[in-house]
1. Pairing the Cα long axis of helix 17-33 with the longest principal axis of the chain, what angle in degrees results, from 0 to 90 and rounded to the nearest 10?
2. Tally Lys and Arg at +1 and Asp and Glu at -1 over the other residues with C-beta under 12 Å from the C-beta of residue 31: what net charge comes out?
3. Quick one: net charge around residue 227, please, counting Lys, Arg +1 and Asp, Glu -1 for every other residue with C-beta under 15 Å from its C-beta.
4. Could you tell me the distance between the Cα centroids of the stretch 114-147 and the stretch 215-229, to the nearest Å?
5. Which of the trypsin sites (Lys or Arg not before Pro) found in the stretch 87-129 are loop residues per DSSP with 10 or fewer other Cβ atoms within 10 Å of their Cβ?
6. For a quick check of your reading of the filter: which trypsin sites (Lys or Arg not before Pro) in the stretch 1-75 sit in a DSSP loop and have no more than 15 other Cβ atoms within 10 Å?
7. For mean projected area of the Cα convex hull in nm², the listed values are [x] 18.0; [y] 15.3; [z] 14.5; which was obtained by calculation from the structure presented?
8. Within the stretch 147-297, how many lysine pairs that are 8 or more places apart, or on different chains, have C-alpha atoms less than 20 Å apart?
Amino acid sequence: YREFLQIGIELIGESAPFYDAELINMAQMFLNSFGANQFFIEVNSIGCPVCRRQYKKVLDDYLQSRMHQLCADCRRRYEKNFLRIFDCKNKFCQEIYHDAPKITDNLCTDCAEHYEKTKEFLRKMGIEYKENKKLVRGLDYYTRTVFEFKLKGLGAQDTIIAGGRYDLLMKELGGNDTPCIGWAMGVERMLLALPENLPETRKTKTFFVAAMGEKLFEEITKLRDMIINKRKICIAGNPLDSIKAQLKDANHYQADFVVIYGEDEAKKNVYTVKNMLTGEQIEVPQTDFGNYLNSIV
């Protein structure tokens, strides 16, 4: 296990908190798809460079009289990347950090709003999670949301998926400021989570669900899950975007079908489905949508 493989997913160019929740949701659905369900999700926010500068001053005050009690690794880490001290496995260090100020209590207004909105979307998606205020990353280009999926019963090596937002990476590599978020799964650890009999996989159609307004988000989430449960690929649009922007995204992702759900559809209890190849657009009753999906091969 000193050498390992990873399965990764990256979303480049999107900064909205909806996408933070969406990638966490995708990771959960991926694990569920092959029957690995003995896991729990931890989330945290590590803010931005502005937050961290202010937070370090607060942490300095707390650790000033305790620094000599920390292990050599923590003292070294504190000078290089101070957030990494919370990764320490030393029991005595962890006791000191237990009562230390946490970065989530010292976020700037923008980062605090981003974090709260991310958690709100997670709740609307029905995703259970734990807040771990000591969950951090060892690289400076990570910002805001960080998360881990941990498998019960694996002990110290229990993290099978780790991810987060890395909005500072592109500029650090010489490019433009570009928001990014992603996660990686350790293949070897994932194998420990696999059931004996994997579900059959086959090539299928891709759907894009366009939500016309945030107040319909929970209905859209249920619709997206229904499509996935029918063994289809489904992408949910950002409900904060206009319908025009979401249709543009559907074209970008080369979706086979777009399912539109707005106030008009809600009143009529239908879904508007557009075939992106032929341009044909039909209304499908909500009560018959499962049968409609079964007819798409």
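1. With rounding to tens, the tilt is 80 degrees.
2. Working: positive: 150, 189; negative: none.
Computed value for this residue: +2.
3. Every neighbour counted, the sum reads +2.
4. Taking the Cα centre of each part, the stretch 114-147 and the stretch 215-229 sit 22 Å apart.
5. Values: sites: 89, 91, 102, 117, 119, 123, 124; in loops: 89, 102.
Here the sparse-neighbourhood loop sites are 89.
6. Listed in order of number, the matching sites are 2, 66.
7. The listed entry that was calculated here is [x].
8. For the stretch 147-297, qualifying lysine pairs total 19.
The values are calculated or read from the model by the stated rules, or taken from the named source; none is laboratory data. What you see is a predicted model, and the numbers here were worked out from it, not measured in a lab. With ideal geometry, Cβ positions are generated from the backbone for all residues, glycine too; neighbour counts draw on all protein chains shown. The protein model used for the area step is the full one, side chains on, heavy atoms only, and it has no ligands, DNA or RNA in it. Shrake-Rupley method; radii C 1.70, N 1.55, O 1.52, S 1.80 Å.
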